[in-house]
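**Student:** I have a structure I would like to understand better, so I am pasting it below and will then ask my questions one at a time.
The values are calculated or read from the model by the stated rules, or taken from the named source; none is laboratory data. Note that this is a predicted model, so its numbers are computed, not measured. Please note: Cβ atoms are built from the backbone with ideal geometry, for glycine as well, and neighbour counts cover all protein chains shown. Ligands, DNA and RNA are stripped out before the accessible areas are found, and what is left, the full protein with its side chains, is counted by its heavy atoms. Shrake-Rupley method; radii C 1.70, N 1.55, O 1.52, S 1.80 Å.
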Amino acid sequence: MILWTIASIMGVVAVLHTESLQLDCKDTKHVTEKDVYNHLPSNEERILGEESSQSTDHQKINNLRERGYMEYGCQHYRRRCRIRAPCCNEIFSCRHCHNEAKNNIDIDQKHRHDIPRHQVKQVICSLCETEQEVQQNCINCGVCMGKYFCGTCKLFDDDVSKKQYHCSGCGICRTGGCENVFHCYRCGCCYPTQMKNSHPCVEGAMHHDCPICFEYLFESVNDVLVLPCGHTIHKSCLNEMREHFQYACPLCSKSVCDMSMIWEKFDMEIAATPMPEAYRNKMIWILCNDCTKTSHVQYHLVAHKCLNCKSYNTRQIRG
């Protein structure tokens, strides 16, 4: 016998369930509407089933996108794609790989160039080799080509521990976490938040070459330091300067660190080195590189002390 169960809800009649039941006549009187409803899945069961199916699908998609994570890339970035340079139509792992190759000393100077990073249009998936327009997930195999992705800079990177972020003020992506930095529009770059109210502002501080190695600092991947005078320099270049006992900014000659202990040694050296009789009364004018004040001081072969800030970072000038 075929049993049709009908329910009327808010005036709408609907067929809820059809089921073929094999019943003896003696059992017919025991079958009620409640018994039939017990065979139907509840709303909660249907929802849980749908959520379980969706969760499984989501997990499959996630596993698909995670393939090859941190297994591809170059010395500059961990990523699952390569880029086609719009300038020379060649394929490279990243823009730095391109710039290093195309600015090599073996390359004819007329052919040396940097890649215009914002003009990159095509990328090649490292897993399936499909060339496609710039996007985070491969259109063919579905893999995520970079955990961090910036469509403006065309940047892919699986190593998100760098805390990458895009700075609209700089117009490029930087590392360190946007919550830990601020953009100074006069200096034209991002600085740590600790320096927000104390850093010396220098117009376009980052938009020039390192005074030691001449690499363009604004796009450098190496650590850059801001000197007390406001000028910028590679950290490694500054360390090299210190190894050669150079403690003044290469651009403005101001001291790059606290030199008070050194100045005390100069005091002792001068006191232990009396000048010959012919020079004891000789006076000269000096300009202090640290405070920019002039002083009229006694001439000495060792050094000349600024009368204003007590620095020996001075030079002789005409009075």
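**Student:** Could you please find all residues in region 198-237 being in contact with a strand residue (DSSP E or B) (Cβ under 6 Å, 6 or more places away or on another chain) and among the hydroxyl-bearing types (Ser, Thr, Tyr)?
**Tutor:** If the condition is that a residue be in contact with a strand residue (DSSP E or B) (Cβ under 6 Å, 6 or more places away or on another chain) and among the hydroxyl-bearing types (Ser, Thr, Tyr), then TYR216, THR232 are the ones that fit.
**Student:** Is it true that ILE115 is surrounded by 14 or more Cβ atoms within 10 Å (Cβ to Cβ) and not in a loop (DSSP other than H, G, I, E, B)?
**Tutor:** Numbers: surrounded by 14 or more Cβ atoms within 10 Å (Cβ to Cβ): yes; not in a loop (DSSP other than H, G, I, E, B): no.
Taking the combined requirement at face value, the residue does not satisfy it.
**Student:** Tell me, please, whether a residue that is in a loop (DSSP other than H, G, I, E, B), open to solvent by less than 40 Å² (accessible area, probe 1.4 Å) and within 29 Å of LYS196 (Cβ to Cβ) can be found in region 296-310. Give the steps one after another, and end with the answer.
**Tutor:** At the first step, the residues of region 296-310 found to be in a loop (DSSP other than H, G, I, E, B) are 299-310.
Then keep just the ones that are open to solvent by less than 40 Å² (accessible area, probe 1.4 Å); that gives 300, 303-304, 306.
Restricting the remaining residues to those that are within 29 Å of LYS196 (Cβ to Cβ) gives none.
No: zero hits.
**Student:** Follow-up. Output yes when any residue across region 127-142 is within 22 Å of the chain's Cα centre (by Cα), without any contact (Cβ under 8 Å) to a residue 60 or more places away in the chain and within 26 Å of HIS234 (Cα to Cα), and no when none is.
**Tutor:** Looking through region 127-142, none of the residues is within 22 Å of the chain's Cα centre (by Cα), without any contact (Cβ under 8 Å) to a residue 60 or more places away in the chain and within 26 Å of HIS234 (Cα to Cα).
**Student:** Is it the case, given these coordinates, that HIS234 is under 21 Å from the mean Cα position of the chain (by Cα) and not hydrophobic (A, V, I, L, M, F, W, C)?
**Tutor:** Working: under 21 Å from the mean Cα position of the chain (by Cα): yes; not hydrophobic (A, V, I, L, M, F, W, C): yes.
Taking the combined requirement at face value, the residue satisfies it.
**Student:** Which one is nearest to the chain's Cα centre (by Cα) among residues in region 261-295 that are farther than 19 Å from GLN246 by Cβ and part of a strand (DSSP E or B)?
**Tutor:** Per the criteria, the residue is LEU287.
**Student:** Kindly indicate whether any position in region 248-263 is farther than 30 Å from CYS210 by Cα and open to solvent by less than 100 Å² (accessible area, probe 1.4 Å).
**Tutor:** Filtering region 248-263 for residues farther than 30 Å from CYS210 by Cα gives none.
No; the residues of region 248-263 include none that is farther than 30 Å from CYS210 by Cα and open to solvent by less than 100 Å² (accessible area, probe 1.4 Å).
**Student:** For region 140-167, give me each residue that is within 16 Å of GLY68 (Cβ to Cβ) and either assigned to a strand (DSSP E or B) or open to solvent by 30 Å² or more (accessible area, probe 1.4 Å) (or both). Walk me through it before giving the result.
**Tutor:** So in region 140-167, the residues within 16 Å of GLY68 (Cβ to Cβ) come out as 140-149, 156-160.
If the condition is that a residue be within 16 Å of GLY68 (Cβ to Cβ) and either assigned to a strand (DSSP E or B) or open to solvent by 30 Å² or more (accessible area, probe 1.4 Å) (or both), then ASN140, CYS144, LYS147, TYR148, PHE149, PHE156, ASP157, ASP159, VAL160 are the ones that fit.
**Student:** Does ILE105 meet the test of being assigned to a loop (DSSP other than H, G, I, E, B) and open to solvent by 40 Å² or more (accessible area, probe 1.4 Å)?
**Tutor:** Numbers: assigned to a loop (DSSP other than H, G, I, E, B): yes; open to solvent by 40 Å² or more (accessible area, probe 1.4 Å): yes.
Yes: the conditions hold for ILE105.
**Student:** State whether one or more residues within region 188-197 are in contact with a Lys or Arg (Cβ under 8 Å, 6 or more places away or on another chain) and at pLDDT below 95.
**Tutor:** Keep residues of region 188-197 that are in contact with a Lys or Arg (Cβ under 8 Å, 6 or more places away or on another chain), which gives 190.
Restricting the remaining residues to those that are at pLDDT below 95 gives 190.
Yes, the conditions are met somewhere in region 188-197.
**Student:** Kindly establish whether GLU71 is on the phi < 0 side of the Ramachandran plot, of a type in the set (Asp, Glu) and not in a loop (DSSP other than H, G, I, E, B).
**Tutor:** When the stated conditions are applied, GLU71 does not pass them.
**Student:** Give me the pairs, please: first residue somewhere in region 63-77 and at pLDDT 95 or above, second residue anywhere and polar (S, T, N, Q) and open to solvent by less than 70 Å² (accessible area, probe 1.4 Å), beta-carbon distance under 6 Å, and either six or more positions apart or on two chains.
**Tutor:** Between residues of region 63-77 that are at pLDDT 95 or above and residues that are polar (S, T, N, Q) and open to solvent by less than 70 Å² (accessible area, probe 1.4 Å), the close pairs are TYR72/SER126; CYS74/SER93.
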